1. Please go through the stretch 12-40 and pick out each residue that is closer than 15 Å to Phe58 by Cα and either within 16 Å of the chain's Cα centre (by Cα) or in a loop (DSSP other than H, G, I, E, B) (or both).
2. Considering each of Leu37, Leu70 in turn, give the residue that is over 15 Å from Arg21 (Cβ atoms), at pLDDT 95 or above and surrounded by fewer than 19 Cβ atoms within 10 Å (Cβ to Cβ).
3. So which of Ser30, Ser9 ends up being hydroxyl-bearing (Ser, Thr, Tyr) and at pLDDT 90 or above?
4. Yes or no: Gly110 closer than 25 Å to Ser122 by Cβ, among the small types (Gly, Ala, Ser) and in contact with a Gly (Cβ under 8 Å, 6 or more places away or on another chain)?
Amino acid sequence: MGNLSALESLDLSFNRLHVVRASWFGARLSGSLRALLLRGNRIASIEDGAFARLYRLFQLDLSQNAIAHLERSMLPGSLFFLDLSDNRLSTLPPSLFDKMVSLRRVYLNGNRLTTLDRGVWSAVWSNPRLGVELHGEGTVLANHLRRHGKSCKSPVWGARC
């Protein structure tokens, strides 16, 4: 496959992938990969730590898949952009965004979310200098923001509800 140590962007969209294996993204990609696009596959399962070694990953697009379950250990902390739209997510674990201090844009539209746990955004809200653009399930997000004293017009939140 050659030298992949300088690869910055990898688009594996629309390849009928069903699972993301932890062994796929090893040391050769860990220091260079900035964008990983896995859009429009049939991904239903992501192995624990699948993206954890990609410590420079800026953009992760997992939209248009069949993902119903996510854990914090599956994602790197370096993300700025995370697209989880059009999956089968009905809940998000409270720790999903812990230590993701660079995260600014999250897409959740087209999922099965009905409520969001109180702790989901605590890592983001604990630092008033961080602002996150949140896209998705309007009523769910608006109700969640209201319950936590935030509004869609808040300078900290660029939420689009």
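The values are calculated or read from the model by the stated rules, or taken from the named source; none is laboratory data. Quantities reported herein were computed from a predicted structural model and do not represent experimental measurements. Virtual Cβ from ideal backbone geometry, glycine too; neighbours counted across all protein chains shown.
1. Across the stretch 12-40, the qualifying residues are Phe25, Gly31, Ser32, Leu33, Arg34, Ala35, Leu36, Leu37, Leu38.
2. Testing whether each residue is over 15 Å from Arg21 (Cβ atoms), at pLDDT 95 or above and surrounded by fewer than 19 Cβ atoms within 10 Å (Cβ to Cβ) leaves just Leu37.
3. Ser9
4. In short, yes.
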